[in-house]
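The values are calculated or read from the model by the stated rules, or taken from the named source; none is laboratory data. What you see is a predicted model, and the numbers here were worked out from it, not measured in a lab. Don't worry about glycine lacking a Cβ; one is built from the backbone with ideal geometry, like all the others, and counts go over all protein chains shown.
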Amino acid sequence: MFRILATIALLFLFGCDSKTQKEESIFSTTAQKNDPVGVPLVGTLDGNISTTIEKFTLNTIDGKQLNISEIENGLEFKELKDKAIFLVFFGYRCPPCVREIPVLIELTKKYKDFAIVAIEV
């Protein structure tokens, strides 16, 4: 009796694989050689690949706006042209993140062509 129940349990566990070809194609899709370099590719459930170019705006603490565009080699900050940009994600409840703030402020004072964009998460 134990062998029959064990066999049924094993068949149930290993015989119920419901992966379809459509689900597997999401992870196996690769870029073609003629796709533009650096443009992100997004796979969809139907297997199609599309490119995305995003534009968005961030509001600063000062009430200003940063217009950000996705470009082939990364992001473009329209208001911070000709500056090296350090993009930081931090949390105000994160002690290591809070300890970084004075160092980042000193960097902006020392290097005038250096901008920090800090995004609180």
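Some observations on this one:
- When the residues of region 92-121 are filtered to those that are among the β-branched types (Val, Ile, Thr) and assigned to a helix (DSSP H, G or I), the one that is surrounded by the fewest Cβ atoms within 10 Å (Cβ to Cβ) is Val103.
- Residues that are touching a Cys at 6+ places or on another chain (Cβ under 6 Å), outside any loop (DSSP other than H, G, I, E, B) and modelled with pLDDT of 85 or more do not occur anywhere in region 70-81.
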